[in-house]
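The values are calculated or read from the model by the stated rules, or taken from the named source; none is laboratory data. For clarity, every value in this text was computed on a predicted model and none was experimentally measured. Neighbour counts are summed over all protein chains in view; Cβ atoms, including those assigned to glycine, are modelled from backbone coordinates with ideal geometry. For the accessible areas, the whole protein counts, side chains as well, though only heavy atoms, and no ligand, DNA or RNA atoms are used. Shrake-Rupley method; radii C 1.70, N 1.55, O 1.52, S 1.80 Å.
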Amino acid sequence: MKEHEERRHEILDAAQGLFYTQGYADTPVSAILEAVGVAKGTFYHYFKGKEDVLDQLVERSLAEVVPTAEEIADTPGRDPLNKLLGVFDLVSNWKMENRELLLEMVRVFYRDENVLLRTKGYRRARRYMAPVMGRIIAEGVESGVFNTPHPHHAANIIFRLSESMGDDMYELILRLGQDPKSADALLEHIEAFETAMERIIGAPEGSLHIVNRELLDYFASPPGRGEAAPD
């Protein structure tokens, strides 16, 4: 089992490096095979295809974030609002550290033909992170920082709200480099989402911020990519 996992992670590492340097579309499966030195049959033993590689890279990254989020949620004496902001900061920092992967993920997941892949990603993020957020909100209710009768349901509602807004927001992200006005529209979407979150959990007005301007700047002027390469 250990050897199996080591090989899978070896392929994922190689694919991630290629996605960063060449772009997802410009990386055929053959390039991944060459980088790792494995046969085509070996690759398909671990992955259904290139989209499955990207899907598993996201899964692996989420698995790295969740333990730290749980540590934040379980920190004794830390204010619940500070904990919630700490989780947002954790996610923002992960996005900055993995911005190349995130950009490729956005480009791929928001194609019309990838609705199922996108839905699976949403469900995975909600499954991992909503319980952590729910614990923090529940603690905030007990301490009087938040005001909602159903903290765990509130956490799920917040994630579902982010999913429903995601299509519009990520479409604007992909347009940032061509249309500067998209930045203003994107910020309006984000501010509306922050306001909605505050009202859902009964947080003080203006207390929740999730915007990472450095990340938006990256999306506005990402590294150039060439034409798509075949699989």
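For the reader, a short list of remarks on this structure follows.
- Region 53-68 residues that are touching a residue at least 12 places away in the same chain (Cβ under 8 Å) and farther than 24 Å from Gly86 by Cα, paired with ones that are crowded, with 19+ Cβ neighbours inside 10 Å and aromatic (Phe, Trp, Tyr) (beta carbon under 8 Å, 6 or more apart): Val53/Phe47; Leu54/Phe19; Leu54/Tyr24; Gln56/Phe47
- Checked against the criteria, Ala63 does not count as open to solvent by less than 10 Å² (accessible area, probe 1.4 Å) and either part of a helix (DSSP H, G or I) or touching a Phe, Trp or Tyr at 6+ places or on another chain (Cβ under 6 Å) (or both).
- Selection count where residues are open to solvent by 50 Å² or more (accessible area, probe 1.4 Å) and either closer than 22 Å to Glu142 by Cα or at pLDDT 95 or above (or both), scope region 179-202: 2
- Whichever residue in region 155-178 is at pLDDT 85 or above and of a type in the set (A, V, I, L, M) and, among such residues, is surrounded by the fewest Cβ atoms within 10 Å (Cβ to Cβ): Leu161
- Taking the criterion of being in contact with a Leu (Cβ under 8 Å, 6 or more places away or on another chain) and either free of Cβ contacts under 8 Å to residues at least 60 places away in the same chain or over 23 Å from Val65 (Cβ atoms) (or both), the residues of region 134-186 that qualify are Val145, Met169, Leu172, Leu176, Ser182, Ala183, Ala185, Leu186.
- Of the residues making up region 136-150, not a single one is open to solvent by 70 Å² or more (accessible area, probe 1.4 Å) and under 30 Å from Lys50 (Cβ atoms).
- Scanning region 193-211 for residues that are in contact (Cβ under 8 Å) with a residue 12 or more places away in the chain and either among the small types (Gly, Ala, Ser) or in contact with a Phe, Trp or Tyr (Cβ under 8 Å, 6 or more places away or on another chain) (or both) returns Ala196, Ile201, Gly202, Ala203, Ser207, Leu208, His209, Ile210.
- Residue check, Glu205 farther than 14 Å from Phe88 by Cβ, exposed (fewer than 14 other Cβ atoms within 10 Å of the Cβ) and at pLDDT below 90: no
- Residue tally, condition over 19 Å from the mean Cα position of the chain (by Cα) and either open to solvent by 10 Å² or more (accessible area, probe 1.4 Å) or more than 28 Å from Arg107 (Cα to Cα) (or both), over region 41-60: 7
- Residues (without any contact (Cβ under 8 Å) to a residue 60 or more places away in the chain and either surrounded by 18 or more Cβ atoms within 10 Å (Cβ to Cβ) or not aliphatic (A, V, I, L, M) (or both)) located in region 110-132: Arg111, Asp112, Glu113, Arg118, Thr119, Tyr122, Arg123, Arg126, Arg127, Ala130, Pro131
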